[in-house]
Every structure is written in C-alpha cells, then in structure tokens.
1. Quick one: would you say Lys239 is closer than 23 Å to Gly166 by Cβ, free of Cβ contacts under 8 Å to residues at least 60 places away in the same chain, basic (Lys, Arg) and open to solvent by 10 Å² or more (accessible area, probe 1.4 Å)?
2. Kindly indicate the residue of segment 174-217 that is in contact (Cβ under 8 Å) with a residue 60 or more places away in the chain and either aromatic (Phe, Trp, Tyr) or touching a Cys at 6+ places or on another chain (Cβ under 9 Å) (or both) and also most open to solvent (accessible area, probe 1.4 Å) among those meeting that condition.
3. Condition first: modelled with pLDDT under 95, in contact with an Asp or Glu (Cβ under 9 Å, 6 or more places away or on another chain) and small (Gly, Ala, Ser). Now tell me which residues in segment 314-332 satisfy that.
4. Got at least one residue in segment 300-313 being at pLDDT 95 or above, farther than 24 Å from Tyr266 by Cβ, assigned to a strand (DSSP E or B) and touching a Leu at 6+ places or on another chain (Cβ under 7 Å)?
5. Could you list, in sequence order, the residues of segment 92-137 that are assigned to a helix (DSSP H, G or I), without any contact (Cβ under 8 Å) to a residue 12 or more places away in the chain and either open to solvent by less than 50 Å² (accessible area, probe 1.4 Å) or among the small types (Gly, Ala, Ser) (or both)?
6. Which residue out of Pro339, Pro353 is under 26 Å from Leu73 (Cβ atoms) and either part of a helix (DSSP H, G or I) or at pLDDT 95 or above (or both)?
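The values are calculated or read from the model by the stated rules, or taken from the named source; none is laboratory data. None of these values were measured; they are calculated from a predicted model. Virtual Cβ from ideal backbone geometry, glycine too; neighbours counted across all protein chains shown. Heads up: the accessible areas ignore ligands, DNA and RNA and are worked out on the full protein's heavy atoms, side chains in. Shrake-Rupley method; radii C 1.70, N 1.55, O 1.52, S 1.80 Å.
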Amino acid sequence: ALTGSNMNQRLAGMEYAVRGTVVIAADRIAHELEEKTVEHPFDHILFTNIGNPQSVGQKPLTWPRQVMALADLPDEVGVDHPLASQMFPSDAIERAREIKKALGGHGTGAYTHSQGPLGFRKDIATFIENRDGGVKSDPTSIFMSNGASAAIQDVLTALIADENCGVMIPIPQYPIYSATIDLLGGQKVGYFLDEEKGWDMNLEELGRALNDARSKGIKVNSFVLINPGNPTGQVLSKKAVQDIVKFCSENGLVLLADEVYQENVYDENAEFYSCKRAAAETGLLDKDAIELVSFHSTSKGLYGECGRRGGYMEVVGFDPEVEAHLYKKASAALCSGVPGMVMADLMVKGPKPGDASYESHEAEKKAIYDSLKRRAKIVEVGLNSIPGFSCQPAQGAMYVFPKVTMPEGAIKAAAEQNVPVDTMYAVSLLESTGICVVPACGFEQEEGRHGFRTTFLPSETEMEKAVKLFRTHHEEFCSRYA
C-alpha cells in the first residue's frame with residue numbers, strides 16, 4: 001500500500017504556502033459560515049491570500065468573453081447565425097473567425113500543436129516585438145502553457161539534472177519556485193532583496209549568494225527574476241534589469257524572467273522594462289551571450305482570467321537540443337488548455353483603434369487599473385499607520401509584504417507550539433476578522449523578520465474595512481501576548 005512513509009518524500013515535504021495551513025483553515029471556516037454550524041465574529045472570509053482577481057469581485061472584460069463565446073459555439077449558432085450581429089459587436093465576430101481559422105477549423109474542443117497554434121504564437125511574437133521596441137521574436141521559440149506556472153515547472157525540470165544543481169531565487173520569492181525546486185530535488189540559492197531600499201536588487205548580494213553556493217560545490221545554473229515583484233511589489237529600474245542580464249551572461253546562468261505583472265505598474269516614476277529588451281540593448285542578444293526564458297500569463301495584468309489557465313514562455317538563446325526536449329515535454333501533455341490559449345491570444349491582440357469595441361474595451365481596462373492603483377495606496381498608507389507595521393509601497397503587481405513587529409510573548413508561544421509566529425499571527429487574524437493572508441515565512445525572509453503577504457484585489461470598500469481590521473487585530477494580538 002502507498003503510505004505517507006513510502007511515497008515520494010520530496011512531494012511529502014513540499015510546501016506551497018499560498019494554499020497552505022491558513023487557507024485550509026479559511027476553507028473550513030467558510031464552510032462553517034455557509035452551513036451555519038459554528039458562529040464566527042464575521043459573515044464571510046475575505047480571501048487576500050492569492051492573486052485571483054475575479055474570485056473577489058473583478059468583472060471579466062466584455063470583449064474577450066464575447067470572442068470566447070463565439071469561438072466555442074458551432075458556426076451555425078455563433079459567427080454564422082443570422083442574428084449574430086445583433087448580439088455581438090462586429091469586431092468580436094471577426095476576431096472569433098480568426099481564432100477558428102488559427103485552430104484549423106476544428107474548434108476549441110480539439111488538441112492543437114503542442115506549443116500552441118502557430119497563428120497564436122505569431123500574435124504573441126508581434127506583441128513582444130511591439131513591447132520591446134522592435135526586438136525580433138521567433139514564434140517557433142514560444143510555448144503556450146497552462147498559465148505561467150506550467151511553463152516555469154517545465155523549465156525547472158530541464159534545469160535540475162541532479163541534487164547538486166542550484167537555482168538562484170529572490171528572498172522573498174513566490175513559492176512555486178521553492179516548491180518545484182524541492183520537488184525536483186534541486187538546491188535553492190537565495191539572494192536577498194533590500195527591503196529598506198524598496199526591495200531593490202544589489203549586485204554585491206547577487207555575487208555573495210552565487211559565490212557562497214559555488215564554494216559549497218553547488219552547480220548553480222540559473223537565476224529567477226520576478227519583475228514586477230511577488231510578493232514584494234517592486235518594479236526594477238532599467239539599470240537594475242540590465243545589471244541582472246549582464247550578471248547572468250557573465251556567470252553562465254539561464255535567466256528565468258517572471259514578468260506576469262508587466263501591465264501592473266502603478267508608480268508614475270516606474271516603468272516595466274523586459275529582460276528581453278535589456279539583453280538586446282546591452283548587446284547580449286546579438287552576441288548570443290545569454291540564455292533567457294520569459295513568462296507571461298492571462299491570470300494577472302488587467303484580464304485576471306486565472307481559471308482559464310492561459311500563459312506562455314519565450315525561449316531565447318537555448319541550445320536547439322534543449323528546445324527539442326522542452327517540445328518533447330510539451331508533447332507529452334499533448335497541448336495546454338485551448339480556452340487558455342485563446343484568452344492569451346486575445347490578451348496580446350485586442351481590439352484596434354477604430355474597431356467597434358476598442359473604446360469600451362480600453363475604458364474597462366482603465367477602470368480596473370485605476371482602481372488597483374488606488375487600492376495599492378489604500379493598503380500601503382493604511383498598514384504604515386499601524387504601530388509596529390512597516391510596508392514598502394506597491395509600485396506594481398497585486399501585493400504588499402509588510403514587516404510586522406511581533407511581541408516577545410507571541411514569539412515564545414509560537415516556539416512552544418512548534419509553529420512559525422507568522423503562521424500563528426495569520427491564523428489569529430483569520431479567526432478574529434475573517435481575513436485570509438499568507439504568512440511571510442511561506443515566501444522565505446531574513447532571519448528575525450516577521451509579517452505576511454496580502455493582495456489588494458478586493459473592492460476599495462473591502463480594503464478600507466480590511467485596513468481597520470488589520471489595526472484592531474494587531475492591537476488585540478499585542479495586548480494578548482504582552
């Protein structure tokens with residue numbers, strides 16, 4: 001019989017904090033609220049633990065859903081229906097026809113090419129070229145995937161050849177990296193972001209982390225960059241990104257550029273600058289002097305279509321044999337989900353100026369963006385007003401990662417219970433207020449630091465209430481463990 005003791009111990013030991021202990025407790029409480037079996041001092045759970053916009057009230061954009069509906073429907077009840085033009089805008093009908101053609105006329109229910117339909121990949125390549133000032137993109141080196149996560153896991157699978165292979169990851173980092181590296185048996189090589197400087201990069205720290213790992217015999221072969229940052233919300237400067245691509249080139253590291261929040265930049269003095277563009281503008285692409293894979297997703301940005309599982313990666317400078325093995329890995333799964341691929345295509349190629357839906361589509365996106373920008377400020381200012389909290393501004397992404405000063409009594413009580421004090425704090429917050437956050441320890445952090453990650457995705461009204469509840473809970477928690 002398969003048991004916990006004889007199963008794959010890497011899987012048994014793997015941790016994924018975003019859906020960990022606190023979220024399991026939140027799901028239980030949500031069920032109790034629904035069934036009215038246990039009384040709680042709140043009437044619903046506010047899930048701020050994960051970047052899942054539509055689960056907390058963000059409405060889907062209209063035009064992509066119209067095109068999706070038409071792409072899914074058989075022609076006779078969709079694009080060719082006599083009343084179609086009365087129900088759908090003309091550009092949605094035309095775009096659905098393009099989607100159907102790119103799918104080879106088979107519709108959304110058939111397998112596609114394992115990398116995704118070539119027509120979709122050409123649209124992605126055009127998007128990348130336009131974003132990066134004309135830097136060329138090759139559709140044959142684009143792999144569509146079930147969100148960025150599946151692509152990240154595929155690349156890490158290729159990189160971690162044995163237990164001595166190391167991957168440089170930011171601290172704090174998004175847990176898919178630590179969890180996948182642990183599952184594959186690799187070595188995590190953490191480099192610390194500078195919290196006091198807005199979670200900025202430090203080249204000396206990168207060199208320290210790399211040299212320390214190599215001095216221990218770890219074969220460090222890759223480097224993860226998350227920009228804009230998760231869980232930290234920073235947006236790196238052009239110089240910082242160029243420094244990173246040069247660092248990776250000089251040290252023979254494959255650069256994994258997690259750029260899924262590239263549309264989520266709120267600081268007026270910041271701008272998203274891709275690793276691909278940095279590699280081009282530093283001359284590394286022309287010299288074939290960098291191995292780079294960049295990731296994007298429909299789950300974030302202004303689409304927030306997490307459940308569609310749409311995403312892609314672009315591979316640059318890889319050995320053709322490695323690319324062939326990545327294709328083999330994709331082929332083993334046949335293809336990623338077609339609705340996700342359709343949504344990714346719509347994300348990179350929306351209505352054009354002059355199209356029937358252009359103005360309404362842009363207005364919907366702007367409303368979401370403007371509200372996210374306001375919510376980022378509500379949370380940053382609100383948390384910084386709480387004694388014992390220190391919260392760096394969210395220049396981008398969907399999260400803040402406040403540092404929380406814990407009372408000594410809480411630290412002692414957590415040690416006696418053999419749980420991280422961050423987890424104890426997050427459970428207390430959940431049970432007192434109904435707010436579900438992720439303990440900061442789940443993202444890794446400097447020793448002695450404590451806190452949590454929260455999204456600012458619920459409505460502005462909900463986030464204003466949440467800030468007040470964060471304060472009330474913290475005061476009560478400190479009093480309890482004084």
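1. So Lys239 does not fit the description; no.
2. Step by step, filter segment 174-217, then rank; the result is Phe192.
3. Of everything in segment 314-332, just one residue is modelled with pLDDT under 95, in contact with an Asp or Glu (Cβ under 9 Å, 6 or more places away or on another chain) and small (Gly, Ala, Ser), namely Ala330.
4. No, segment 300-313 contains no residue that is at pLDDT 95 or above, farther than 24 Å from Tyr266 by Cβ, assigned to a strand (DSSP E or B) and touching a Leu at 6+ places or on another chain (Cβ under 7 Å).
5. The answer is Glu129, and nothing else.
6. Pro339
Yes/no per residue for (1) at pLDDT 95 or above; (2) in a loop (DSSP other than H, G, I, E, B):
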| position | (1), (2) |
| --- | --- |
| Gly442 | no, no |
| Gln445 | no, yes |
| Val467 | yes, no |
| Arg471 | yes, no |
| His474 | yes, no |
| Phe477 | yes, no |
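A quick yes/no check of all residues on (1) open to solvent by 70 Å² or more (accessible area, probe 1.4 Å); (2) under 30 Å from Asp162 (Cα atoms):
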position	(1), (2)
Gly13	no, yes
Arg28	yes, no
His31	yes, no
Leu46	no, no
Ile50	no, no
Leu83	yes, no
Phe88	no, no
